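Read-outs throughout are calculated quantities, based only on the coordinates presented, and are distinct from any laboratory measurement. Values in this document were obtained by computation on a predicted structure and should not be read as measured data. Using ideal geometry, Cβ is built from the backbone for each residue, glycine included, and neighbour counts are taken over all protein chains shown.
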């Protein structure tokens, strides 16, 4: 029994060292936090940039839709009508032009009619970007 008592006292006499409380962060924690913050910041900047370009495209499409409506209204009132197979620049929109093409022709009720496509297109990076496409039925004389 003496052996048990001695070992108990020896064990109880050994007090584990108390760790001091840390007042700061380790270098690894700082690096990991910085990497995480940088990743979040880059993601945020990319998302904002994408959102702005989508908003700009939506505004351009809205403007192009209004211009297409105005062009069609002018052509309906004009004696020559829609310029079939024609094209022209849109001065109010930078690097944009309109283009018409006949996509189908038929005789309806004894009169010649054509389905005319009006495209509003923007030139961007040497490529055409379609902003608006309208198809309408037009009586051909």
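Residue-wise test of (1) surrounded by 14 or more Cβ atoms within 10 Å (Cβ to Cβ); (2) in contact with a helix residue (DSSP H, G or I) (Cβ under 9 Å, 6 or more places away or on another chain); (3) without any contact (Cβ under 8 Å) to a residue 24 or more places away in the chain; (4) closer than 26 Å to residue 132 by Cβ.
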residue	(1), (2), (3), (4)
40	no, no, yes, no
44	no, no, yes, no
53	no, no, yes, yes
66	no, no, yes, yes
93	yes, yes, no, yes
102	yes, no, yes, yes
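The number of residues in the range 105-132 being over 19 Å from the mean Cα position of the chain (by Cα), closer than 24 Å to residue 64 by Cα and exposed (fewer than 13 other Cβ atoms within 10 Å of the Cβ) comes to 1.
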